[in-house]
Amino acid sequence: MATIFTTWQGVKARMGVAQRQARRGNGAVHLLAVSKTFPAASVRELYALGQRAFGENYVQELVSKAAELADLDEIEWHFIGPLQSNKTRPVAEIASWVHTVDRLKIAERLSVQRRETTPPLNVCIQVNVSGEASKSGVAPTEAAALVRAVARLPRLRVRGLMCIPEPTGDDERLAAQFATLRGLKEQLEREGIALDTLSMGMSSDLEIAIREGATMVRVGTALFGARN
Ligand SMILES: *Cc1c(COP(=O)(O)O)cnc(C)c1O
């Protein structure tokens, strides 16, 4: 069985190759280790190797893992799951980042609930780049307005855009969806809104996402193994 060291090195190697092929500087892409459904002990192991950013999808799991790992001073929790408005408080208190803001109401609650004693909460706006009706995320045509509104909230810092593309074996279609997100970021930059983050790419498609401009890839399976 592969050890966590081996899989972590493997993912970093894949990221390195993709960055070189895309002629992007080393360090241009950050690794978010998606630890959902895996025990706190697995997070601790990977932290010991030097990984600091971990992603969770479920509020209750975030709360219990963060409590169990409270001794890890430098750990950085990223919330990447769907967020209901009645569950924002623990996320506002624990997370360093939320990648899945797609409504102003959620952002307003996070801003109000973010403690004054902690730095502002970093957020990405989730965009529905595939247009699937069932998908979370704001429509691409409405993303700019939401970014502007969220940027005005005092305890949040808008860092960028996030997407979960439609699963498809067609690399060109995947690339087109990632390119849509990059295009939105560039459009916002032309309108004077500077963003530094494109959260896109997972275990199976991180190379395509990096080629299309990802600055943060969210990787679970390739690090921790298959989930039940
Ligand atoms: C689970 C999850 C991931 C990680 O997916 P893998 O295919 O296991 O790498 C990334 N992003 C989000 C939003 C997820 O829910």
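The values are calculated or read from the model by the stated rules, or taken from the named source; none is laboratory data. Owing to the predicted nature of the structure, the values given are computational and were not obtained by experimental measurement. Backbone-built Cβ (ideal geometry, glycine too); neighbour counts: all protein chains shown. These area figures cover heavy atoms from the full protein model, side chains too; ligands, DNA and RNA do not enter into them. Shrake-Rupley method; radii C 1.70, N 1.55, O 1.52, S 1.80 Å.
Above 24 Å, the calculated P(r) of region 102-228 contains 31 percent of its Cα-Cα pairs.
The slack in the chain from residue 116 to residue 23, taken as 0.36 nm per residue of separation less the alpha-carbon distance, amounts to 29.4 nm.
Projected label points at residue 68 and residue 93, each 7 Å from Cα along the beta carbon direction, are separated by 2.0 nanometres. By accessible area, using a 1.4 Å probe on protein heavy atoms only, the chain has 51% of its surface on carbon and sulfur.
Here the chain is treated as a Stokes sphere of Kirkwood radius computed over C-alpha pairs; at 37 °C and 0.692 mPa s its diffusion coefficient rounds to 184 µm²/s. Remark: the residue 173-residue 148 segment gains 6.1 nm on full extension, using 0.36 nm per residue and subtracting the alpha carbon distance.
Projecting the Cα atoms of 37, 167, 64 onto the dipole axis of the chain, where Lys and Arg carry +1 and Asp and Glu carry -1 at the beta carbon, places 64 farthest toward the positive end.
The residues of the chain have, on average, 47 Å² of accessible surface per residue, using a 1.4 Å probe with all protein chains present.
Here the simple spin-label model places points 7 Å from the Cα toward Cβ, and for residue 166 and residue 204 these points are separated by 1.5 nm.
Take every DSSP beta bridge whose two residues both sit in the chain, then give the antiparallel share in percent to the nearest 5.
Details: 0 of 26 bridges.
Close to 0 percent.
Residue separation of residue 196 and residue 132 scaled by 0.36 nm, minus their Cα-Cα distance, works out to 20.4 nm of gained length.
Give me D for region 20-86 in µm² s⁻¹, whole number, from Stokes-Einstein with Rh from the Kirkwood sum over alpha-carbon pairs, 25 °C and 0.890 mPa s. Result for D is 187 µm²/s.
Total lysine pairs in region 4-224 at Cα distances under 26 Å, for residues eight or more apart or on different chains: 13.
A helix-only calculation puts the chain at -13000 deg cm²/dmol for mean residue ellipticity at 222 nm, using -39500 (n - 2.57) for each DSSP H run of at least four residues, averaged over all residues.
Compute the signed sum of charges (Lys and Arg +1, Asp and Glu -1) over the other residues within less than 12 Å, Cβ to Cβ, of residue 89.
Values: positive: 87, 109, 114, 115; negative: 93.
Neighbour charge sum, excluding residue 89 itself: +3.
Computed from the Cβ-Cβ distance with R0 of 30 Å, the FRET efficiency linking residue 189 to residue 221 stands at 0.40.
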